[in-house]
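All remarks here apply to the structure that follows.
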Amino acid sequence: MLLEKIERSSDMKNFREEEYPLLAQEIRRFLIEKISHTGGHLASNLGVVELTMALHLAFDLPKDKIVWDVGHQAYTHKLLSGRREGFDELRQFGGMSGFPKRKESPYDAFDTGHSSTSISAGLGIAQARELMGGDYSVISVIGDGALTGGMAYEALNNAAQMKKNFIIVLNDNAMSISKNVGGMSRYLSSVRTGESYAELKRGVDKVLTSIPVIGKNLSYALYLAKNGIKQFFVPGMLFEDMGITYLGPVDGHNVKEMVQVFKEAKRVRHAVLVHVITKKGRGYAPAEKNPARFHGVEPFDIETGKPLKEKIYPSYTDVFAKKICELAAKNPKVVALTAAMPDGTGLSRFAKQFPERFFDVGIAEAHAVTSAAGMASAGLKPVVAVYSSFLQRGYDQILHDVCLQELPVLFAIDRAGLVGSDGETHQGIFDLSFLSLVPGMSILAPKNLWELQSMLEFGVKFESTMAIRYPRGQAYRGLKEFAAPIEYGKAEMLYEESGIALFALGSMVSTGEHVREKLKARGHACTLVNARFVKPLDTGMLDRLCGKHSLIVTMEENVLRGGMGMFAARYIQTHHPKVRVLSVALPDAYVEHGNVTLLREMLGIDSDSVLERILKETANGYDDIKERRDL
């Protein structure tokens with residue numbers, strides 16, 4: 001196998017041109033086999049095999065620097081840079097990341113995980129190169145889907161001022177995760193399909209190459225002069241008008257042609273954009289047919305493409321998707337927005353039922369938030385469905401455009417808490433902290449699927465800003481018998497005893513239920529409260545608990561700093577200084593990739609770890625707890 005001969009990037013340069021298609025085939029077979037066992041991002045990686053090969057051939061890595069936008073398409077890059085063995089533990093705890101990581105390999109020039117960042121990062125590296133007298137190429141690879149994000153245009157605007165070589169590779173497959181939307185998508189589509197230019201190129205090339213002796217040389221001379229011809233025939237020439245040299249479109253599955261264009265790009269003494277056309281999911285029929293479903297996959301059967309595990313229904317996303325449609329059917333003012341995630345957030349169902357009231361803004365979270373603010377100011381009830389880690393990108397807009405005006409925007413925050421295999425960039429563990437700081441923001445988290453439904457009903461009627469956060473995966477079906485109506489700023493008492501009180505939020509309520517059972521088995525009385533609201537915090541409930549308990553245990557799946565536990569502890573220490581507080585939360589750190597169950601154990605928020613901490617905390621004070629319980 002050719003792939004087995006590659007231990008470093010330069011090894012690929014020993015292959016003959018006629019071996020490139022075979023190597024590409026081996027890479028695709030390898031990726032399909034490995035990802036079918038580990039899960040991961042499949043369609044995007046299958047689409048960039050030849051593009052990655054061409055980059056490794058045309059440039060001298062790791063001296064030259066490649067910055068991958070998002071980074072989930074860097075699997076072939078990892079293969080070609082000697083990390084073949086790492087794929088057995090891809091995205092597993094302690095194993096190889098599914099994204100570029102500087103600490104993992106010198107071939108990874110910049111850590112990426114969110115979209116539309118590569119041009120900015122690459123431009124910064126190129127500017128540092130010039131200031132420090134470096135001599136290397138910088139290449140930013142960005143997908144057409146990422147060009148729906150405003151940061152990419154800020155970077156393009158500044159890249160146009162570069163006086164030295166800086167290469168931008170536009171990987172155009174007409175997809176982000178779902179199908180691309182907006183003006184840039186239409187523009188690139190016109191470039192891809194512009195027949196006037198394509199027909200001219202084919203016709204002239206055919207005539208020139210037919211001329212005896214000098215024909216091929218004339219054809220090649222025309223190839224070198226093609227940028228001037230494009231000025232007349234390629235629609236818009238947006239990038240050229242900005243001052244960025246445009247090369248392409250080029251077939252993203254033709255290694256030889258791309259290498260030739262990349263070498264040409266290296267000679268340009270300013271910013272240059274190479275437009276490469278690829279097919280997402282190429283080489284695997286199920287992924288070609290449905291690239292969105294094969295964007296990120298769990299382990300699957302290669303023959304059928306079907307997941308090895310049946311999907312567990314309902315997930316919290318499923319519950320949200322169904323309920324928001326029910327509410328929209330009753331209230332014509334309800335509209336829904338997503339930032340290129342209609343499938344991931346569950347809004348694809350809403351889009352089918354209410355197409356005129358559904359807005360996919362592309363990978364542009366900041367725009368989604370301010371657009372929702374505008375809708376709310378004009379009388380609509382916008383629901384912004386977004387992953388927790390992606391909402392960070394609209395924080396300024398939440399603060400200045402939504403909450404400052406007390407506008408009734410409802411944020412449905414999916415993937416809150418630990419999400420697992422995608423790692424640091426995707427863990428939703430900061431939203432309670434950054435949202436709690438914003439005046440006018442109310443924050444809730446449901447304990448189970450029925451409470452999510454009730455909170456959505458409450459949120460749609462609420463006349464100011466509200467965020468409801470819920471985790472990834474199967475919706476909890478326990479504690480159904482506890483269904484007190486949602487009251488603004490009020491927690492829900494589940495089990496009331498004395499001594500030890502568990503004040504748990506969202507996903508941690510079910511953990512609290514298990515902790516309580518284990519404490520009871522050891523002879524400890526235990527109260528369990530469903531906090532429901534982070535902001536406003538139910539201080540009345542905290543007063544009630546402090547009257548009968550010596551230890552209050554706050555439980556949340558968020559970092560401690562700025563979370564519910566910090567605010568609860570501050571209140572208790574101020575008003576009930578004799579009551580001890582134990583805060584169960586995540587550390588002030590980025591959490592790497594791994595199985596969620598394993599991560600919870602490692603980070604000490606699973607039921608056994610919480611139990612151990614409580615028993616240790618009460619070891620010296622149990623007599624005091626017992627006395628209070630007997631009162």
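The values are calculated or read from the model by the stated rules, or taken from the named source; none is laboratory data. Note that this is a predicted model, so its numbers are computed, not measured. Heads up, the Cβs are rebuilt from the backbone with ideal geometry, glycines too, and the neighbour counts pull from every protein chain shown.
Just checking, how many residues over the stretch 539-559 are in contact with a helix residue (DSSP H, G or I) (Cβ under 9 Å, 6 or more places away or on another chain) and either assigned by TED's automatic domain parsing to the domain that holds SER389 or buried (at least 21 other Cβ atoms within 10 Å of the Cβ) (or both)?
Qualifying residue count, the stretch 539-559: 13.
Go through the residues of the stretch 483-492 one by one and say whether even a single one is closer than 12 Å to LEU444 by Cα, β-branched (Val, Ile, Thr) and either part of a loop (DSSP other than H, G, I, E, B) or under 31 Å from the mean Cα position of the chain (by Cα) (or both).
Yes, the stretch 483-492 has at least one match.
Give the residues of the stretch 61-81 that are in a loop (DSSP other than H, G, I, E, B) and either out of contact with any helix residue (DSSP H, G or I) (no Cβ under 8 Å at 6 or more places or on another chain) or of a type in the set (A, V, I, L, M, F, W, C) (or both), sorted by residue number.
Scanning the stretch 61-81 gives LEU61, LYS63, ASP64, VAL70, GLY71, ALA74.
Take LYS518 and decide whether it is more than 20 Å from LYS323 (Cα to Cα), of a type in the set (Lys, Arg) and not in a loop (DSSP other than H, G, I, E, B).
Considered against the rule, which asks whether it is more than 20 Å from LYS323 (Cα to Cα), of a type in the set (Lys, Arg) and not in a loop (DSSP other than H, G, I, E, B), LYS518 comes out as yes.
Report those strands (runs of 3 or more DSSP E) wholly inside the stretch 290-395 carrying at least 1 residues which are touching a strand residue (DSSP E or B) at 6+ places or on another chain (Cβ under 6 Å) and either surrounded by fewer than 17 Cβ atoms within 10 Å (Cβ to Cβ) or free of Cβ contacts under 8 Å to residues at least 12 places away in the same chain (or both).
none
Name the residues in the stretch 153-169 that are of a type outside the set (S, T, N, Q), in a helix (DSSP H, G or I) and within 19 Å of ALA128 (Cα to Cα), would you?
Across the stretch 153-169, the qualifying residues are GLU154, ALA155, LEU156, ALA159.
Which condition does ALA525 not pass, out of (1) under 21 Å from SER607 (Cβ atoms); (2) over 36 Å from the mean Cα position of the chain (by Cα); (3) without any contact (Cβ under 8 Å) to a residue 40 or more places away in the chain, if it passes all the others?
(3)
Collect the residues in the stretch 464-477 that are closer than 27 Å to PHE430 by Cβ and free of Cβ contacts under 8 Å to residues at least 60 places away in the same chain, keeping them in residue-number order.
Those that are closer than 27 Å to PHE430 by Cβ and free of Cβ contacts under 8 Å to residues at least 60 places away in the same chain: SER464, MET466, ALA467, ILE468, TYR476.
Tell me whether the stretch 399-408 contains one or more residues that are in contact with a helix residue (DSSP H, G or I) (Cβ under 9 Å, 6 or more places away or on another chain) and free of Cβ contacts under 8 Å to residues at least 12 places away in the same chain.
The answer is yes; a qualifying residue exists.
Given the condition part of a loop (DSSP other than H, G, I, E, B) and surrounded by fewer than 20 Cβ atoms within 10 Å (Cβ to Cβ), answer yes or no: does some residue in the stretch 449-459 qualify?
No - not one qualifying residue is present in the stretch 449-459.
Could you list all residues from the stretch 466-501 that are of a type in the set (Val, Ile, Thr), in contact with a helix residue (DSSP H, G or I) (Cβ under 6 Å, 6 or more places away or on another chain) and farther than 23 Å from GLY344 by Cβ?
Result: ILE486, single match.
Checking ARG570 against (1) within 34 Å of the chain's Cα centre (by Cα); (2) in the same structural domain as LEU599 (by TED's automatic domain parsing); (3) buried (at least 19 other Cβ atoms within 10 Å of the Cβ), which single condition isn't satisfied?
For ARG570, the failing item is (3).
Consider the stretch 91-144. How many of its residues are closer than 18 Å to PHE59 by Cβ, in contact (Cβ under 8 Å) with a residue 24 or more places away in the chain and among the small types (Gly, Ala, Ser)?
So the answer is 8.
Given the conditions (1) in a loop (DSSP other than H, G, I, E, B); (2) in contact with a Lys or Arg (Cβ under 8 Å, 6 or more places away or on another chain); (3) among the aliphatic types (A, V, I, L, M); (4) in the same structural domain as ASP588 (by TED's automatic domain parsing), report the number of the one that VAL509 does not fulfil.
Single failed check for VAL509: (1).
Every residue, every condition in (1) farther than 27 Å from HIS593 by Cα; (2) among the aliphatic types (A, V, I, L, M); (3) buried (at least 22 other Cβ atoms within 10 Å of the Cβ), yes or no:
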| residue | (1), (2), (3) |
| --- | --- |
| GLN25 | yes, no, no |
| GLU33 | no, no, no |
| LEU42 | no, yes, yes |
| GLU50 | yes, no, yes |
| PHE59 | yes, no, yes |
| PRO62 | no, no, no |
| ASP69 | no, no, yes |
| GLU89 | no, no, no |
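Among the residues that make up the stretch 12-23, is at least one of them part of a helix (DSSP H, G or I) and closer than 21 Å to SER137 by Cα?
yes
Cβ contacts < 8 Å: first residue farther than 21 Å from LEU147 by Cα, restricted to the stretch 264-275; second residue among the hydroxyl-bearing types (Ser, Thr, Tyr), any location; separation 6+ or different chain. Result?
LYS266/SER137; VAL268/THR245
For the stretch 92-123, which positions are of a type in the set (A, V, I, L, M) and in a loop (DSSP other than H, G, I, E, B)?
Within the stretch 92-123, MET96, ALA109 qualify.
Filter the stretch 118-149 down to the residues that are modelled with pLDDT under 95 and of a type outside the set (A, V, I, L, M, F, W, C) and list them by number.
Within the stretch 118-149, GLY143, ASP144, GLY145, THR148, GLY149 qualify.
Read through the list (1) assigned to a helix (DSSP H, G or I); (2) among the charged types (D, E, K, R); (3) at pLDDT below 95; (4) closer than 30 Å to PRO100 by Cβ, then give the number of the only condition that GLU601 fails.
(3)
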